[in-house]
Structures are given as C-alpha cells and as structure tokens.
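Student: Input: one structure, supplied below.
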Amino acid sequence: MSRSNEGLRFVLQIEVLDVPRFKELVAECLVISRSEPGTLLYDWYLDEERGLARLYEAYESIDALRAHGSGRVFTEVGPKLLEVCRFTNIDAYGDFGGMSGGPTFAPTTWWGPPFAGLQTDS
C-alpha cells in the first residue's frame, strides 16, 4: 500500500560530546530548516544526562530531501555539528527510490514504505 502524503522519514541516533554547543548548533539548524520547502518535521530530542539525542525528520518528497541535503544545514552547520556529536545510527522510512543504499554519514537501515498502517485526516 502506498500513500502519497507519507513522506520520507528518518530517526537519527546521536551521541553528544558537548551539550551546550550542540544545543546552539541545533538552534541554527532549526532556523535554516524552518524555511526549507517540503520539510514536514524536524524535531530534536535530548537526554542531557546520558549525552544522547535523537533527530526525527520528515520530508514530503525526494526533491525536498535533496534540497535539505545540499543546503545550509549540511554545508554550513553540519561540519561544526560533527565536532560536538557523533551520529551513531540512522533509520530511514519511505520510498527513497535509487537513494536507498547510497552513502550516509552513519550506519543506515532502509526500511522502505510501510506494508500496513493507519493514516488519519486532520
């Protein structure tokens, strides 16, 4: 079953080495991503005590994902972010076409589109 508004979703697991700097850089990522067309979700979660974080993000299309991947989050903020954290795992959900299995910056599991699910209309 395929749903046109399912989007492409990611859950990224992150080890945080410098919490205060990490928070500053995430704030920069949010400002940039807020203006990117096709970004559906861009939610960061942080367990300061354990130095762990999660990023849950979703894009409406491959084009929106590509725009994000070639945009300022990756080119300007990303290199600084990699100085204060380590991405340890990525789970990717959705139909990525030829992108699945491509290069990533952490071990990635490509789950594909859901085989069953529930969608509600708002």
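Student: Mean residue ellipticity at 222 nm from the helices of the chain, using -39,500 (n - 2.57) per DSSP H segment of n ≥ 4 over the full residue count, to the nearest 500 deg cm²/dmol?
Tutor: -7500 deg cm²/dmol
Student: While we're on this one: Scan the chain and report its longest stretch carrying no chymotrypsin sites (Phe, Trp or Tyr not before Pro) that are both in a DSSP loop and have at most 14 other Cβ atoms within 10 Å.
Tutor: With a cap of 14 other Cβ atoms within 10 Å, the longest stretch comes to 1-104.
Student: Which residue fluctuates the most in the chain, going by a Gaussian network model with Cα springs under 10 Å, if the choices are Ser35, Ser100, Ser61?
Tutor: Comparing Ser35, Ser100, Ser61 in a Gaussian network model of the chain, the most mobile one is Ser35.
Student: Could you give the angle, 0 to 90 degrees to the nearest 10, between helix 19-34's Cα long axis and the longest principal axis of the Cα atoms of the chain?
Tutor: 40
Student: With the contact rule set at Cα under 8 Å and sequence spacing of 6 or more, what percent relative contact order holds for the chain?
Tutor: 34
Student: Taking Rh as the Kirkwood radius computed over C-alpha pairs, what is the Stokes-Einstein D of the chain at 10 °C in a medium of viscosity 1.306 mPa s, expressed in µm² per second?
Tutor: Value of D from the Cα-based Kirkwood radius: 105 µm²/s.
Each reported figure results from applying straightforward, stated rules to the coordinates on display, with no laboratory input. Bear in mind the structure is a predicted one, so any value in this text is a computation, not a measurement. Using ideal geometry, Cβ is built from the backbone for each residue, glycine included, and neighbour counts are taken over all protein chains shown.
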